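Have a look at the structure below before the remarks.
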Amino acid sequence: MKPKVGAQVGPISIPRVTGGEPIQIGTHKDRWTMLFVYRGAHCPRCKRFLNKLNAVLPNWTDVMDVVVTSADTLEKAQADQAEFDWTFDLGYGLSVDQMRALGLYVTEPLSEAETTDLFAEPGAFGIRPDGTLMLVDISNGPAARPDLEELLDGMIFNITNDRPTRGTA
């Protein structure tokens with residue numbers, strides 16, 4: 001099921017790797033949110049993408065909140081955050097129902113060497129402060145990812161010019 005742009009997201013509550021209050025998606029906030037969903041610790045392409053995001057994170061957080069999450073366990077997410085020194089807000093434990101609510105492709109692992117549970121394929125979601133979905137970019141596999149520089153430039157343009165949601169027809 002495709003997520004409906006222009007409609008309310010969630011609300012979705014995602015546990016935070018650092019503990020404390022869960023990350024809330026689809027609730028009213030003071031700023032825009034960019035939500036990135038990645039496949040998990042088993043995916044080297046995800047790690048490269050997230051390392052690139054982390055390198056330019058201040059450019060993003062000057063404009064909006066950035067949240068990254070996967071279906072990984074707390075232990076797997078903590079290990080990746082420690083290994084790569086990611087500083088973005090990292091969630092874990094995305095449920096299959098939450099994946100489906102976001103319109104993500106859900107994949108069964110090829111083997112236990114990959115991972116043991118269903119996981120989400122990549123997605124990026126631009127969410128307005130009122131919790132409505134403005135922009136969606138989803139993939140059915142690890143190779144297709146948005147260009148972070150282009151995506152940020154487009155989001156800045158959309159935010160600055162209060163652009164309407166597209167693709168609603």
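Laboratory data are not the source of any read-out in this text; all were calculated from the coordinates shown. Remember, it's a predicted structure, so these values are computed and weren't measured experimentally. Note that each Cβ is placed from the backbone with ideal geometry, even for glycine, and that neighbours are counted across all protein chains shown.
Counting only helical runs of four or more DSSP H residues, what would the 222 nm mean residue ellipticity of the chain come to if each run contributes -39,500 (n - 2.57) and the total is spread over all its residues? It would help to have the intermediate numbers written out before the result.
On the way: 5 runs with 47 residues, N = 169.
Here the helix-only value at 222 nm equals -8000 deg cm²/dmol.
Counting only DSSP beta bridges whose two residues both lie in the chain, roughly 70 percent are antiparallel.
What do you get for chymotrypsin sites (Phe, Trp or Tyr not before Pro) in segment 65-169 restricted to DSSP loop and a cutoff of at most 16 other Cβ within 10 Å of the site's Cβ? Write out the running numbers ahead of the final one.
Values: sites: 84, 86, 88, 92, 105, 119, 125, 157; in loops: 86, 88, 92, 105.
Hits after loop and neighbour filter: 105.
Structure remark: mean-square fluctuation, Gaussian network model of the chain, C-alpha springs under 10 Å; the largest value among 144, 77, 55 belongs to 55. Derived from the Cα gyration tensor, the three semi-axes of the equivalent ellipsoid of segment 1-89 are 22, 16, 14 Å, largest first. Of the GluC sites (Glu not before Pro) found in segment 44-129, the ones in coil according to DSSP and having at most 16 other Cβ atoms within 10 Å of their Cβ are 112, 114.
A straight Cα-to-Cα reach below 16 Å connects residue 2 with the aspartates and glutamates 97, 121, 137, residues fewer than 8 places away in its own chain not being considered. Here 42, 28 are placed in order of increasing Cβ neighbour count within 10 Å, fewest first, which gives 28, 42. When only the Cβ of Lys, Arg, Asp and Glu is charged (+1, +1, -1, -1), the dipole of the chain relative to its Cα centre reaches about 460 debye.
Using every Cα-Cα pair within segment 20-63, state what percent have a distance larger than 14 Å. More than 14 Å apart: 62 percent of the Cα pairs in segment 20-63.
Give me the compactness ratio for the chain, meaning the Cα radius of gyration over 2.2 N^0.38 Å.
Working: Rg = 15.0 Å, N = 169, 2.2 N^0.38 = 15.5 Å.
Scaled against compact globular proteins, the figure is 0.97.
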